[in-house]
Amino acid sequence: MDIDVVIQRWNVECLGALLCARAVIPAMLRKSSGSLLFTSATAAFRGSATSPAFSIAKFGLRSLSQSIAKEFGKNGIHACHIRLDCGLNTPKNLKKGYPVEKLGDVTEIAKTYYHLHTQSKMAWTNELDIRPHTEKWTC
């Protein structure tokens, strides 16, 4: 396990999310509302022999989301960890020839994110898995 790679992934995946959250939480506290939606991956739920740095960082992101939900939920701030367990139907992936029926639809995923943002405070989702119906569950 390359320590430099672990630090780099941690800085991007976890520390970056923390710094962004810290930048917006004060304004959310003043309004008693706001949403922090953390996009993640299956790596947040299990270790990896081939991509340990990514997995370590995603575990951290999941914990960050849960910690923010517990600390700031009472103040009207909604935090949700979202696992995208699929590739996406982006132009890059479509150009590579990935089968469309196995890719998550970015428009439909965006609708899900919007729904999370507009949920009632009395029924918040704090963790969610998104995958197309054709995805073989990996976790």
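The values are calculated or read from the model by the stated rules, or taken from the named source; none is laboratory data. In this text, all values refer to a predicted model and were calculated from it rather than measured experimentally. Please note: Cβ atoms are built from the backbone with ideal geometry, for glycine as well, and neighbour counts cover all protein chains shown. For accessibility, only protein heavy atoms count, side chains too; no ligands or nucleic acids. Shrake-Rupley method; radii C 1.70, N 1.55, O 1.52, S 1.80 Å.
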Rounded accessible area of Phe54 (nearest 10 Å², 1.4 Å probe):
60 Å²
Rounded tilt (10° steps) of 16-31 against the dominant C-alpha axis of the chain
30 degrees
Among all lysine pairs in the chain that are eight or more places apart or on different chains, how many have alpha carbons less than 22 angstrom apart?
14
SASA check, Val106, accessible area w/ 1.4 Å probe, all protein chains in place, rounded to nearest 10 Å², comes out at 60 Å²
C-alpha long axis of helix 106-118 to longest principal axis of the chain, angle in °:
20 degrees
Computed over the chain: longest principal axis from alpha-carbon atoms vs helix 52-72 long axis, angle to nearest 10 degrees, is 20 degrees
Taking the dipole about the Cα centre of the range 91-139, with the C-beta of Lys and Arg at +1 and of Asp and Glu at -1, give me whichever of Leu103, Thr125, His115 is farthest to the positive side.
Leu103
Given Cβ point charges of +1 (Lys, Arg) and -1 (Asp, Glu) and nothing else, what value in debye, to the nearest 20, does the dipole of the chain about its Cα centre take?
280 debye
Please report how far the C-alpha centroid of the range 98-118 lies from that of the range 1-23, rounded to the nearest whole angstrom.
25 Å
Probe 1.4 Å, all chains present, heavy atoms only: Ile56 accessible area in Å², nearest 10, is 70 Å²
With the label point 7 Å along the Cα-to-beta-carbon line of Ile3 and a cut-off under 18 Å to each amide N, the hits in the range 48-67 are 52-54, 56-57
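Provide Met28, Met1 ordered by accessible surface of protein heavy atoms (probe 1.4 Å), highest first. Intermediate results must be reported in sequence, preceding the final value.
On the way: Met28 30, Met1 155 Å².
Putting Met28, Met1 in descending order of accessible area: Met1, Met28.
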Need one number: nm distance between label points at Lys70 and Glu108, each 7 Å from Cα along Cα→Cβ, rounded to one decimal.
3.4 nm
So, for the range 54-119, what is the accessible surface per residue at a probe of 1.4 Å, expressed in square angstrom?
55 Å²
Would you work out which of Ile56, Ala44, Asn75 lies farthest towards the positive end of the dipole of the range 7-84? Charges go on Cβ: Lys and Arg +1, Asp and Glu -1.
Asn75
Carbon and sulfur atoms: what percent of the 1.4 Å accessible area of the chain do they account for?
60 percent
Rank by packing, highest mean first: peptides 111-124, 70-83, with packing defined as the count of other Cβ atoms within 10 Å averaged across residues.
70-83, 111-124
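Hey, could you get me the Stokes-Einstein D for the range 98-139, Kirkwood radius over alpha-carbon pairs, 20 °C and 1.002 mPa s, rounded to whole µm² s⁻¹?
Numbers: Rh = 11.9 Å.
For the chosen part, D equals 179 µm²/s.
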Under 19 Å from a point placed 7 Å out from the Cα of His117 along the Cα-to-Cβ direction: which residues of the range 75-93 have their backbone N that close?
76-84
